Amino acid sequence: MSTHEAVRHVEGEVRELIRRTGLDPASDTAAVRRLVEDAVQDYDQRSLHGGLPTLGDQRLAVHSILAVVAGYGPLQQYFDDPTVEEIWINEPSKVFVARGGVAELTPTILTAEDVRDLVERMLKTSGRRVDLSSPFVDATLPDGSRLHVVIPDITRTHWQVNVRKFVVKADHLDDLVRLGTLTRQAATFLDAAVASGLNVLVAGGTQAGKTGCRLRHLSWRCGRAAKQGGDLRSHLPRQVGSSSGGHAAT
């Protein structure tokens, strides 16, 4: 048994422990982490007596097992990467991410079953579902990321998934000025417009900061809390092939 197989073995033990204890990996995250850490330590002690391969770096083993039992499996590394802004799956063998607005094809290879399992896991906390009667769904993940899923017959063949991560790059208009998104004059004008009670229409491309900063700041200026996900239109998964042959882009 290799180190990889040893990690999978402990993963199986952890799954059984979760089943016996009735823990919910989605909500009992701290308890699940402790359970994984204890299981890894216990296996490491047993491996010292021979007959079992070592796990190697225990920290990496814990992270790998947590990603599978309490995270998003092969995609968890992209959720953990702060430079990744968006994740989308065109088909099981084509998983993309965007960094700095630039798309990258990742080396991650999934199966159709993997994709369906990931979608089910992502939708669990939202209480929503996707099936033939509801072939597309929008939901918000616990971390604030936005999930969009479309399945056949809306798409041609594969389940297609898009996740726009909640990446906070700016908390105030001054941050947008610093990042070059707004000029100082435009920021001053927006602040004054809201203070004067004028109507303001905010428009911009994906990840431009419409909801994450501008609407949040402007609503705060008015004494109201901005509602996350308040874009004026929904965003469909990038490059989703429809049965009519067209494509939609985020």
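Bear in mind these aren't lab numbers, they're just calculated from the coordinates by the rules spelled out. Computed from a predicted model, the values in this text were never measured in an experiment.
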Revision key, fill the gap. Residues whose built amide H sits under 5 Å from the amide H of residue 106, excluding neighbours closer than 5 in sequence, are 95, 96, 97
Revision key, fill the gap. Going residue by residue through the range 60-77, the Karplus relation 6.51 cos²θ - 1.76 cosθ + 1.60 with θ = phi - 60° gives ³J(HN,Hα) values, rounded to whole Hz and with x marking Gly or Pro, of 5, 5, 4, 4, 5, 5, 4, 4, 7, 8, 10, x, 10, x, x, 8, 4, 4
